[in-house]
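The values are calculated or read from the model by the stated rules, or taken from the named source; none is laboratory data. Only a predicted model underlies this, so the values are computations on that prediction, with no experimental measurement involved. Here the Cβ positions follow ideal geometry from the backbone for every residue, glycine too, while neighbour counts run over all protein chains shown. For accessibility, only protein heavy atoms count, side chains too; no ligands or nucleic acids. Shrake-Rupley method; radii C 1.70, N 1.55, O 1.52, S 1.80 Å.
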Amino acid sequence: MALSHRHNASQRSKHVSHQRHRQSLSVRVNACSSSAISTAQIIDGKKIAEEIRKEIAAEVQKLKAEHGMTPGLAVVLVGERKDSQTYVASKKKGCAEVGFESFGTDLPETATEEMVLKVVQEYNSNPNVHGILVQLPLPKHINERRILDAVSIEKDVDGFHPTNIGCLGMRGREPLFVPCTPMGCIELLERSKILIAGKRAVVVGRSNIVGLPASMLLQNRDATVTVVHSRTPNGAEICREADIVIAACGQAEMVTGDWIKHGAVVIDVGINAVNDPSTKKGYRLVGDVKFSEAAAKASYITPVPGGVGPMTIAMLLNNTLRGAKHALASKIPK
Ligand code: NAP
């Protein structure tokens, strides 16, 4: 698979208008609001992620057959947080499904910073490891920044290293890795044949891991981008001008229908648990977008769950494959 971080001319030429492309990767929803009935297309992140995983698995087979190489991902987990353990387990499962070798080190909550650093350094020098992921958050007594800075830039599959982010922001530079969640948003748009170039895009949120890189990725694809954050006084008004909205503010259902222009494309990154006594667990997951209202206006929209979420692991696997190919290319004499 050739998932590129930049948008090239051939990709651009493949893009056609929304109306001509009603792809099988999206399905229609009838969303009712007090004033409108929408036929927004639901962008099916689960299905698109599955398609990407199949492409990765095919490339892994090729790498094994032609070069005897198996991509390897190492996950470092410190502590016993249940949510982190679940994330790590699904990352390992994802690795197995595409034929990667998976490495893992689980350290106790009491592990020292030096112990974590030692593990990272060992993976840095292990030639069978092409990607290193330190599961966040780390216990409070550990300096997260020091640990993340220790990950080799060539194995930084989370894409959080300042050099990777810097290259993403600079014209004419190609980062080795792009943060997985924002890259997943772009893949959802591109695989749904949604035109980005020349469009007005608004990103709600500016975090280092989602909002900031999402805005850079959109700009790299020739969108005109505005970033709305907690100090923006008129977020709704700005957002209403957007053809494409990426919502990543961590505020349950904050982006309501009146933030959305008719026909806009809405990508909801948010994952928020809200109390719901009618469910077995007592809560349900919602996004940063009020789905029913936004779907009444949007042309395309991602659901929560099942939209951006499944793309994050798919992009992590893609980054690991990229790391393996990079390692292979640096072994081949020029
Ligand atoms: P974060 O670090 O908390 O950042 C939130 C951003 O939203 C900040 O830039 C903040 O502005 C902005 N914001 C907060 N309140 C706002 C408001 N009232 N109006 C406008 N902007 C506001 O969150 P994150 O890590 O980027 O995550 C964002 C969401 O995505 C969360 O719901 C998270 O659970 C979800 N997420 C999902 C995935 C996935 O795989 N699907 C992965 C990562 C995150 P300031 O900068 O001014 O504080």
Every residue from segment 233-243 that is of a type outside the set (Lys, Arg) and more than 6 Å from the ligand (Cβ to nearest atom) = 233, 234, 236, 237, 238, 239, 241, 242, 243
Could you look through segment 83-121, keep only residues that are farther than 15 Å from residue 136 by Cα and of a type in the set (Phe, Trp, Tyr), and pick out the one that is surrounded by the fewest Cβ atoms within 10 Å (Cβ to Cβ)?
-> 103
(1) open to solvent by less than 50 Å² (accessible area, probe 1.4 Å); (2) outside the structural domain of residue 247 (by TED's automatic domain parsing); (3) of a type in the set (D, E, K, R); (4) within 16 Å of the ligand (Cβ to nearest atom): which one isn't true of residue 144, the others all being true?
-> (1)
So residue 40 fits all but one of (1) outside the structural domain of residue 269 (by TED's automatic domain parsing); (2) surrounded by 14 or more Cβ atoms within 10 Å (Cβ to Cβ); (3) under 27 Å from residue 191 (Cβ atoms); what number is the exception?
-> (1)
Hits in segment 260-296 (condition: in contact (Cβ under 8 Å) with a residue 60 or more places away in the chain, more than 26 Å from residue 209 (Cβ to Cβ) and buried (at least 16 other Cβ atoms within 10 Å of the Cβ)) = 293, 295, 296
Residue in segment 198-209 that is surrounded by the most Cβ atoms within 10 Å (Cβ to Cβ), counting only those that are more than 9 Å from the ligand (Cβ to nearest atom) and assigned to a loop (DSSP other than H, G, I, E, B) | 199
Exactly one of 181, 163 is more than 16 Å from the ligand (Cβ to nearest atom), among the β-branched types (Val, Ile, Thr) and not in a loop (DSSP other than H, G, I, E, B), and that one is 163
Applying the selection to segment 176-186, what residues are more than 18 Å from residue 270 (Cβ to Cβ) and open to solvent by 10 Å² or more (accessible area, probe 1.4 Å)?
-> 176
Are any of the residues in segment 210-228 more than 9 Å from the ligand (Cβ to nearest atom), closer than 27 Å to residue 52 by Cβ, open to solvent by 10 Å² or more (accessible area, probe 1.4 Å) and among the acidic types (Asp, Glu)?
-> yes
Using the structure shown, decide if residue 140 is assigned to a helix (DSSP H, G or I) and among the basic types (Lys, Arg).
-> no
Counting only residues in segment 122-137 that are touching a residue at least 12 places away in the same chain (Cβ under 8 Å) and not in a loop (DSSP other than H, G, I, E, B), the one most open to solvent (accessible area, probe 1.4 Å) is identified as 124
